[in-house]
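Before any comments, here is the structure.
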Amino acid sequence: MIRRFLTALAFLTRIPVNPKVAFDGSDVARSTLFFPIIGCLIAAIQIVIMWSLNQASTPFLLQALAATAIMALVGGGLHQDGLADMADGFGGGYTTEDVLRIMRDSTIGTYGGIALFLSLSTRVVALAALAAVDNGWHWIVVAAALSRCSICLGWLMPYARKSGAGSAITQFAGPLEVGVASITALIIGAVLVGAHVVFAIGLCALVFVVVAWQCHRRIRGVTGDTLGAATEIAEVLLLSLGATVVAAT
């Protein structure tokens with residue numbers, strides 16, 4: 001279990017892990033049961049940063065900007081990169097081959113730039129709203145945990161390429177990993193936001209269904225980029241849901 005945790009930590013973050021321990025694709029797939037926990041760890045770092053800045057009477061918007069910067073630094077922009085690539089590929093490609101080729105291109109195009117702007121700006125606004133209330137951190141943790149369950153797409157759908165970073169999940173992740181990750185995220189959500197977890201799960205599931213439908217229609221499967229994009233979209237929308245809920249209460 002420790003190996004699985006360390007693999008998940010190495011895959012989803014830039015936190016140093018023992019360089020002498022070699023991980024392969026099957027290790028990554030088996031580590032996915034810890035993905036929601038790693039998401040909570042990243043959320044905790046953001047929360048600590050926001051809390052520290054709040055003690056210095058830093059404006060909520062600046063707290064949110066700092067938390068977003070820390071998220072990108074710790075996570076290495078993994079999911080944001082996936083979102084930009086998917087937006088460029090799906091926005092600019094006409095055939096399956098075009099979409100896959102564009103997504104593999106490291107250059108960010110217009111669609112990717114717009115997607116990143118909308119994602120990051122929405123995240124900052126939502127985090128600023130959550131920073132203004134005492135229990136806002138609950139939603140930051142829940143969004144991080146639930147969104148990492150995008151591994152379900154990798155388990156349920158085939159990989160669209162012959163090989164790639166996300167192929168390990170589609171090949172080796174099974175019911176155990178998906179089940180543990182989903183149950184873990186569900187428990188975290190139920191404990192922190194109570195009955196509102198129903199809306200959070202529904203929103204997250206909707207995002208995954210829409211992404212899955214688009215992936216099936218355009219490329220007949222998923223890639224590492226689309227899995228990352230699903231995670232990013234789900235997390236941002238869950239943060240927005242949380243901001244809406246706390247504003248209404």
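Annotations
- Considering the conditions (1) in contact (Cβ under 8 Å) with a residue 24 or more places away in the chain; (2) surrounded by 13 or more Cβ atoms within 10 Å (Cβ to Cβ), residue 62 is excluded by exactly one of them, (1).
For every residue, the table says whether it meets (1) touching a Lys or Arg at 6+ places or on another chain (Cβ under 9 Å); (2) of a type in the set (D, E, K, R); (3) modelled with pLDDT of 95 or more.
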site: 25; (1), (2), (3): no, no, no
site: 50; (1), (2), (3): no, no, yes
site: 61; (1), (2), (3): no, no, yes
site: 75; (1), (2), (3): yes, no, no
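- Residue match in region 78-90 (condition: of a type in the set (A, V, I, L, M, F, W, C), farther than 23 Å from residue 17 by Cβ and at pLDDT below 95): no
- Helices (runs of 4 or more DSSP H) (entirely within region 100-200) containing at least 3 residues that are out of contact with any Cys (no Cβ under 7 Å at 6 or more places or on another chain), among the polar types (S, T, N, Q) and farther than 20 Å from residue 11 by Cα: 110-131
- In the set 185, 181, only one residue is small (Gly, Ala, Ser) and at pLDDT below 95; that residue is 181.
- The set of residues from region 201-221 being in a helix (DSSP H, G or I) and in contact with a strand residue (DSSP E or B) (Cβ under 6 Å, 6 or more places away or on another chain) comprises just one member, 215.
- Test: residue in region 161-178 that is among the aromatic types (Phe, Trp, Tyr) and either surrounded by fewer than 14 Cβ atoms within 10 Å (Cβ to Cβ) or closer than 17 Å to residue 236 by Cβ (or both): no
- Annotation note: of 81, 85, the sole residue that is touching a residue at least 60 places away in the same chain (Cβ under 8 Å), assigned to a helix (DSSP H, G or I) and surrounded by fewer than 23 Cβ atoms within 10 Å (Cβ to Cβ) is 81.
- Unique residue being crowded, with 18+ Cβ neighbours inside 10 Å and either among the aromatic types (Phe, Trp, Tyr) or not in a helix (DSSP H, G or I) (or both) when the list is 5, 35: 35
Residues checked against (1) closer than 26 Å to residue 47 by Cα; (2) hydroxyl-bearing (Ser, Thr, Tyr); (3) more than 18 Å from the chain's Cα centre (by Cα):
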position	(1), (2), (3)
70	yes, no, no
73	yes, no, no
91	no, no, yes
111	no, yes, yes
128	yes, no, yes
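- Among (1) assigned to a helix (DSSP H, G or I); (2) in contact (Cβ under 8 Å) with a residue 12 or more places away in the chain, the one test that residue 23 misses: (1)
- Among the residues of region 100-156, those identified as surrounded by fewer than 22 Cβ atoms within 10 Å (Cβ to Cβ) and among the charged types (D, E, K, R) are 101, 104, 105, 134.
The values are calculated or read from the model by the stated rules, or taken from the named source; none is laboratory data. None of the values given here were measured: they were computed from a predicted structure. With ideal geometry, Cβ positions are generated from the backbone for all residues, glycine too; neighbour counts draw on all protein chains shown.
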